[in-house]
Amino acid sequence: MYTDVFKNAYLFIYRNARPVDLARWRFHFENEDREEALLSLSRYQNTDGGFGHGLEPDCLNPESSPVQTWAATEIIHELRLRDNTHPTVQSIMYYLDSGKDFADGRWPGAIESNNLYPCADWWKYDAGQESSYNPTAALAGFILKYGDKQGNLYKKAKDIAGEAAEAYLSRKPEDGGVPDMHLVSCYIRLWECCNSAEERSVIDLDRLLVQLKKDVHSCIEAGRPWGSGYVCRPSHFFRSETSRFYAGNEEAAQNECEFILNTQLDDGSWNVPWSWSEYPEQWAVSQNWWKAHIIIQNILYLNGFGYAI
């Protein structure tokens, strides 16, 4: 059974995936060098160092934007790149240091030029939209992991990280409810980057980790039971028993393995549990791109929990 799951996923990837996602697949499951994936990734990078062109498949804006640049940094983390002098990394630093798309201490999730191109509702720009540290917290973490510790951008990222952590930790019970799972993920990335860079002077890593563990559990429990809708599952935060966020979520983590195995579609992909309200033709293309991404994430998750895929 497990072999069939992998075989069908493999066939979908080779028939449908973008070059960048095919290269990610080859890196993870076919022992290919990460440079193939980094080269494919760089083709979405603009001359200002930022990323666009639909790298984040819900936003087809060709111009650089923080969220598409964040998507690039997530792939760099996924590829376990350690070389902070790599041209793609250096170009990202140039974009983040330029001040473009940065205001009031944050890189916004949506920028005005998004409205000129097909995109999901949540990436449309609205001047009155509520500010968030998504993706700012994760981008600050990227700088602290890969940036020049003597540079001005690094100092700026330390300030942003400190402010972001304080905002997260100062939430009060009356602020209400389960936190947004995407925001929690951004703070997990910030924590991981600060921890790997041994930047304990920037934020209280121990205190932040305690809060993140609570919020991860709350998000997972709030998302159960799973179905065809867009809900939070353990794989949104971790994909092995070695994760700091596994404890307390053991049953849900195992249940997700069974859920993944039982919900693969006939074409080897998995359902994309969201859609756009506009641009049906463009969404049909983006949906296929998302399917390749979900396949990679699901197979990595199964592998991480010992399934011989």
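The values are calculated or read from the model by the stated rules, or taken from the named source; none is laboratory data. Since we're looking at a predicted model, the values are computed, not measured. We place every Cβ from the backbone using ideal geometry, glycine too, and count neighbours over all the protein chains shown. All accessible areas refer to the heavy atoms of the entire protein, side chains included, with ligands and DNA or RNA removed. Shrake-Rupley method; radii C 1.70, N 1.55, O 1.52, S 1.80 Å.
Key figures for this structure:
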item	result
Within the range 250-309, considering residues that are over 23 Å from the mean Cα position of the chain (by Cα) and under 16 Å from F12 (Cβ atoms), the one surrounded by the most Cβ atoms within 10 Å (Cβ to Cβ)	I309
Test for R34: is it surrounded by 17 or more Cβ atoms within 10 Å (Cβ to Cβ), at pLDDT 95 or above and touching an Asp or Glu at 6+ places or on another chain (Cβ under 7 Å)	no
Every residue from the range 177-210 that is open to solvent by 50 Å² or more (accessible area, probe 1.4 Å), assigned to a loop (DSSP other than H, G, I, E, B) and of a type outside the set (V, I, T)	G177, D180, E198, R200, S201, D204
Per-region count, the range 224-245, residues open to solvent by less than 50 Å² (accessible area, probe 1.4 Å), at pLDDT 95 or above and more than 20 Å from H28 (Cβ to Cβ)	2
Neighbours by Cβ (under 6 Å, 6+ apart or cross-chain): first from the range 262-291, on the phi < 0 side of the Ramachandran plot; second among the small types (G, A, S) and open to solvent by less than 50 Å² (accessible area, probe 1.4 Å)	P273/G229; W276/A120; K291/S269
Flag for T88 being among the β-branched types (V, I, T), under 30 Å from G223 (Cα atoms) and open to solvent by less than 40 Å² (accessible area, probe 1.4 Å)	no
Search result, residues across the range 211-250 that are part of a loop (DSSP other than H, G, I, E, B) and farther than 30 Å from S275 by Cα	E241, T242, S243, R244, A247, G248
P118 vs. criteria of a type outside the set (D, E, K, R), open to solvent by 10 Å² or more (accessible area, probe 1.4 Å), within 27 Å of I220 (Cα to Cα) and touching an Asp or Glu at 6+ places or on another chain (Cβ under 8 Å)	no
Residues of the range 127-171 that turn out to be out of contact with any Cys (no Cβ under 7 Å at 6 or more places or on another chain) and either open to solvent by less than 70 Å² (accessible area, probe 1.4 Å) or of a type outside the set (S, T, N, Q) (or both), as a count	31
Qualifying positions in the range 49-85 - touching a Pro at 6+ places or on another chain (Cβ under 8 Å), in a loop (DSSP other than H, G, I, E, B) and open to solvent by 10 Å² or more (accessible area, probe 1.4 Å)	H53, L60
